[in-house]
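Data first, discussion second: the structure below is written as structure tokens.
The values are calculated or read from the model by the stated rules, or taken from the named source; none is laboratory data. Because the structure is a prediction, the values reported are computed rather than measured. Quick reminder, even Gly has a Cβ in these numbers, built from the backbone with ideal geometry, and neighbours come from all protein chains shown.
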Amino acid sequence: MSLALLLSVVVAQGRVGAAGTLGTARSHHTATVLPDGRVLVAGGRGQSATETLASTELYEPSSNTWSPGPPMTTARAGHTATALLDGRVLVVGGTAPAADGASRFEALASAEVFDPKKRSWTVVGSLSEARNGHSATRLADGSVLVIGGARPVHVHLDSAERFDPKTNAFSSRRPLAQGRWLHESVALKDGSVVVLGGRSNQVPGDAGTPVPRPGVAVATVERYDVTGGVWHPVPEMTEPRQRTAVVSDGDRVIVFGGQTTTMSTNYVEWWEPGGEGWRQSKSHLSVPIAGHTATLLPAGDVLVAGGEPPTAVDTARVQRWEHDAQRWCLAGQLKTSRKAHTATLLKDGSVLFAGGTSAGMPEATAERWFPTKGACVEP
């Protein structure tokens, strides 16, 4: 196949265009869609290794432009941002430079909410434990379940807390069977929450405080029963993985790639309630990858972009996983290769990629992927 023909087919599965430039280069930030369709980008790491950002920016899809937003009350990176049912955005935890000026980062217990109507941030109740690299999942009743994470000195947490948007306060929930950091969590349509993988220095069943050690990637999976408030074991994944990408279509949890104990993986597998275990896709990613993003598209396909393959610092490849055929199709190419970026599904079905790192440096560029119809070229 000629290069011109190949490119025309690739464009037929999706195209990527420029989406303006952020005012500040950033990685390990968050991006959240607001009720009016704009995207709020908050915090992250800046240009230097020790710079943590309090700044925010707003992306307007109709004009493809960025504008400054009101700064958060606390600079933070490695935090979570969750859209609440009332239109506000809850930002939780993360890290910031040590208050004593030492060259280290400290986990944060603070939380704040952004009100797009007032264009302002308000501090809300604090977590019972400071944490970063945790997950936050909105429940059916509008509350948010904050899970795991890490404190300094490699203490990986098994604790969970629930944020009530009516009282703006957190309350503790039963702990996980295994502490974990850099994991993922998603909600199913039955209201339960599945947490999987990550890194852990806590062996299930350990008594007392976990021994401070780096830990390893884990394959364990747990499911939170919202009604009973308890965690139940789920069959383990085929491989341990952290820095992975996970989506849920409501009926099942689908995992794409990630970093194992020694290397990256290209495996794609899923689990659904009532199933005996994890099932592998008919086709996996073309290369092992970690630090990428996976976005569930309206029709059920999944868009995977960027990340770190074994032979490069990062990649510009965009691939589309066809849900029904369980196969991969090339779906365009980012102009700037990147990892640790954000991928946000917009109301028109396009996907916004913002920031991250490219060749080891924080990125200020943004790009936007648009779906197009056409034949599939498998990587």
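Across the range 295-324, what is the number of residues that are part of a loop (DSSP other than H, G, I, E, B), under 19 Å from Cys376 (Cα atoms) and either touching a Cys at 6+ places or on another chain (Cβ under 7 Å) or among the acidic types (Asp, Glu) (or both)?
Total meeting the criteria: 2.
Identify the residue in the range 104-132 that is of a type in the set (D, E, K, R) and outside any strand (DSSP E or B) and, among all such residues, is nearest to the chain's Cα centre (by Cα).
Restricting to residues being of a type in the set (D, E, K, R) and outside any strand (DSSP E or B), the top hit is Glu129.
Residue-by-condition table, conditions (1) under 29 Å from Met237 (Cα atoms); (2) crowded, with 21+ Cβ neighbours inside 10 Å; (3) touching a strand residue (DSSP E or B) at 6+ places or on another chain (Cβ under 7 Å):
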position: Trp328; (1), (2), (3): yes, yes, yes
position: Gln333; (1), (2), (3): no, no, yes
position: His341; (1), (2), (3): yes, yes, yes
position: Lys347; (1), (2), (3): no, no, no
position: Leu352; (1), (2), (3): no, yes, yes
position: Gly356; (1), (2), (3): yes, yes, yes
position: Trp369; (1), (2), (3): no, yes, yes
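Determine, yes or no, whether Gly17 is in a loop (DSSP other than H, G, I, E, B) and at pLDDT 95 or above.
Judged against the criteria, Gly17 is not a match.
Hey, can you tell me all the residues within the range 248-280 that are without any contact (Cβ under 8 Å) to a residue 60 or more places away in the chain and small (Gly, Ala, Ser)?
Result: Gly257, Ser264, Gly274, Gly275, Gly277.
Could you list, in sequence order, all residues of the range 344-379 that are touching a Phe, Trp or Tyr at 6+ places or on another chain (Cβ under 6 Å) and not in a loop (DSSP other than H, G, I, E, B)?
Answer for the range 344-379, where residues must be touching a Phe, Trp or Tyr at 6+ places or on another chain (Cβ under 6 Å) and not in a loop (DSSP other than H, G, I, E, B): Val351, Glu367.
Among the residues of the range 362-379, write down those that are of a type in the set (Gly, Ala, Ser) and under 20 Å from Glu57 (Cα atoms).
Residues satisfying the conditions are Ala364, Ala366.
Can you go through Glu106, Glu129, Glu112 and tell me which one is touching a residue at least 12 places away in the same chain (Cβ under 8 Å) and within 26 Å of Asp225 (Cβ to Cβ)?
Residue meeting the stated conditions: Glu129.
Six or more apart or on different chains, Cβ under 6 Å: which pairs go from a residue in the range 317-335 that's touching a residue at least 40 places away in the same chain (Cβ under 8 Å) and on the phi > 0 side of the Ramachandran plot to one that's surrounded by 15 or more Cβ atoms within 10 Å (Cβ to Cβ) and assigned to a strand (DSSP E or B)? Could you list them?
Gly332/Arg15; Gly332/Val16; Gly332/Val318
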